[in-house]
Every structure is written in C-alpha cells, then in structure tokens.
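**Student:** I have a structure I would like to understand better, so I am pasting it below and will then ask my questions one at a time.
Derivation of every value follows stated rules applied to the coordinates shown; laboratory data play no part. In this text, all values refer to a predicted model and were calculated from it rather than measured experimentally. Heads up, the Cβs are rebuilt from the backbone with ideal geometry, glycines too, and the neighbour counts pull from every protein chain shown.
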Amino acid sequence: MANAGEVPSSGPCADAPPPSAWVQRFAPLIPAVGEVLDLACGSGRHLRLLLARGQPMVGVDRDLSQLQDLAGTPALELIAADLEEGRSWPLGERRFAGVVVTNYLHRPLLPAIVRAVAPGGMLIYETFALGNERFGRPRNPDFLLRPGELLDAVTGQLEVLAYENLEVDKPRPAAVQRIAARRPTP
C-alpha cells in the first residue's frame, strides 16, 4: 500500500509500457482542480502518471487485478465495470477535468465519453485506426477508428487542439488516431 502522496511504481505494472507520449504531451492542459477519468485503464500507466502530477483520479476497467498495488492510494477511485455489457454508462452524470482513453474503442460509448468532459476539461484519446491490420492486432474493423471518427465524435461539443491520423513506429508500428480537445467554458 502507498503512503499518502506516494504513487506505487512497482507491482503488477512494473513491466507495463510507459505512458503514451500523446497523453504526456497534453496532460499539462488538464485543469489542476477536478478528477480525471482513465477509461479502460488496464495496468494504470496513465493513472500513475496523473496521480504523480497530483491529479485526483478515477480508473475504470473490467479487470482491476493489475492495480492491486494502488489500493488505498489517496485521491484514487477504482471502478470495476465491463463497459461493453450493454449496461448503462457506469459514471452517471459525473463530469471530469480530464478524460483519458488509450488503446480502447467501443463506439457506443463515444457520446458518453465526450459528455463526461467538464467545462474547461480535456479529452485525450488515442487508439488504433484503419490500416492497423497491416501491423498486427487489432485487425477487426470494429476495433479500428475510421478516418475522422474522433473528430466527428467531438464536433460541436469540444474545441480540437490537436488531431492526428497516422502511422507510428513507437512504441510499436501501428496506425493510430488521436485527439486532444477541450470543452469550452460557458
């Protein structure tokens, strides 16, 4: 268990990949006040990054076993939820200063993900896109973004600060789409 203010860096995630460079680039734009949601948080690489920056975090994943070393960490709420079971959005009407999603796509959730961004808050999203089938998994088009799909998801709701649809070499060759967008403040 971590001491107050300390974020564990060992445990089940010791061999996990480092945080996404895209998330690291835009994380400083997340307002310092307010919780940040890491959706489909997996091993918690972005939970750990943002907790270390002092952000209160909410992590959601169907399997929280890779996060056992974070149990009792102050300013962290972990929610076990299968986001694809067809049940309602597990976060109700909660709004977040930041929403981070990487390497995950379930299209029916896109509207709820965008709605979860509070005024002044940031959406930082990065996942696989069509073309990734040339590089490996995922190959199924159900799990690959179509060109412009993230842009379409935020149009009229969030201000796009950066968007890319490209092939990358790191951390491994892949076709990705990513967006950093802010909800305007009233």
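**Student:** Under 18 Å from a point 7 Å along the Cα-to-Cβ line of R139: which residues of the range 147-186 have their amide N that close?
**Tutor:** Within reach of a label on R139, which here means backbone N under 18 Å from a point 7 Å along Cα→Cβ, the range 147-186 contributes 173-176.
**Student:** Which residues make up the longest stretch of the chain clear of GluC sites (Glu not before Pro) that lie in a DSSP loop with no more than 12 other Cβ atoms within 10 Å, not counting the sites?
**Tutor:** Value returned for the longest uninterrupted segment is 94-186.
**Student:** Something else now. Considering the chain as a Gaussian network with a 10 Å cut-off on Cα pairs, which listed residue, I79, I124, I113, attains the greatest mean-square fluctuation?
**Tutor:** I79
**Student:** Magnitude of the Cβ-charge dipole of the chain, K/R +1 and D/E -1, about the Cα centre, nearest 20 debye?
**Tutor:** 320
**Student:** Residue farthest toward the positive end of the dipole of the range 55-115, with Cβ of Lys/Arg at +1 and Asp/Glu at -1: which of V100, L110, G59?
**Tutor:** Looking along the dipole axis, the top candidate is L110.
**Student:** Then there is this: How large is ³J(HN,Hα) for each residue in the range 155-171, as worked out from phi by the Karplus curve 6.51 cos²θ - 1.76 cosθ + 1.60 (θ = phi - 60°), to whole Hz, x for Gly and Pro?
**Tutor:** For the range 155-171, the Karplus-derived couplings read 3, x, 10, 10, 8, 6, 9, 7, 8, 9, 9, 7, 9, 10, 9, 10, x Hz, x marking Gly and Pro.
**Student:** So, one more: Taking Cα pairs under 8 Å and at least six residues apart, what relative contact order does the range 22-182 come out at, in percent?
**Tutor:** It rounds to 20 percent for the range 22-182.
**Student:** Same structure, new question: Enumerate the amide H contacts of G59 below 5 Å, restricted to partners 5 or more residues apart or on another chain; note that Pro and chain-start residues carry no placed amide H.
**Tutor:** D38, E77, L78, I79
**Student:** Can you give me the convex hull volume of the Cα atoms of the range 22-182, divided per residue and expressed in Å³?
**Tutor:** So the per-residue hull volume is 113 Å³.
**Student:** Helix-only mean residue ellipticity at 222 nm, the chain, DSSP H runs n ≥ 4 weighted -39,500 (n - 2.57), per residue, nearest 500. What is it?
**Tutor:** My calculation for the chain gives -3500 deg cm²/dmol from helical runs alone.
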